[in-house]
Amino acid sequence: AVLAVRLWWAHARAYAARFRCRLLDDGLWVDRGVFWRSESFVPRSRVQRTDVNQGPIARRYGIATLKLFTAGTHAAEIDVDGLAVAEATMLRDQLLGRGGHDGV
């Protein structure tokens, strides 16, 4: 059990060290993974909807998941896990062009 916890912890640290997320002028670029690496780019023009989700454990540690729903691709849903709540909210607002203000 101790070995399993140590392996899980080492993997989590390596994942966090490898994770990159950048908001560019034309979209969001995400690079992640340890053994199976992936690089994703989501153009702003394809973003239809975004969600910021938190479970009880994530809420306790102040982290959130940004979920992007896109149009016209085979991967219509992209999750970006482990973001700070403020960062996830800021990314959501900037991807939708809201600048933090609601249109209502």
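The values are calculated or read from the model by the stated rules, or taken from the named source; none is laboratory data. Because the structure is predicted, anything quoted here is derived from the model rather than measured. Because the Cβ atoms are built from the backbone with ideal geometry, glycine has one as well, and the counts that use them run over all protein chains shown. Just so you know, the surface numbers come from the protein's heavy atoms only, side chains and all, with ligands and any DNA or RNA stripped out. Shrake-Rupley method; radii C 1.70, N 1.55, O 1.52, S 1.80 Å.
To test your reading of the geometry: what angle, between 0 and 90 degrees and rounded to tens, separates the Cα axis of helix 85-95 from the longest principal axis of the chain? Taking the Cα atoms of the chain, the angle to 85-95 is about 40 degrees. What you get for the chain, charging only the Cβ of Lys and Arg (+1) and of Asp and Glu (-1), is a dipole of about 360 debye around the Cα centre.
With θ taken as phi - 60° and the Karplus curve 6.51 cos²θ - 1.76 cosθ + 1.60 applied, the whole-hertz 3J(HN,Hα) list for the range 28-39 is 10, 10, 10, 10, 7, x, 10, 8, 9, 8, 9, 10 Hz, x standing for glycine and proline. Restricting the chymotrypsin sites (Phe, Trp or Tyr not before Pro) of the range 16-86 to loop positions (DSSP other than H, G, I, E, B) with no more than 12 neighbouring Cβ atoms within 10 Å leaves Phe35, Trp36. 3J(HN,Hα) along the range 40-55: 10, 10, 10, x, 4, 5, 9, 6, 9, 7, 9, 10, 10, 10, 9, x Hz, from the Karplus curve 6.51 cos²θ - 1.76 cosθ + 1.60 with θ = phi - 60°, whole Hz, x for Gly and Pro. Probing with 1.4 Å while keeping every protein chain in the model, the per residue accessible area of the chain equals 70 Å². The long axis of helix 2-18 is offset from the longest Cα principal axis of the chain by roughly 30 degrees. State the label only: which of (i) 26, 20, 12; (ii) 27, 17, 11; (iii) 21, 15, 11 corresponds to semi-axes √(5λ) of the Cα gyration tensor in Å computed from the shown model? The value computed from this structure is option (ii). Between Trp8 and Asp79, the modelled labels are 1.6 nm apart [label points 7 Å from Cα along Cα→Cβ]. The share of accessible area on the chain that comes from carbon and sulfur is 55 percent, using a 1.4 angstrom probe.
Based on alpha carbons, the Rg and Dmax found for the range 1-46 are 14.5, 47 Å.
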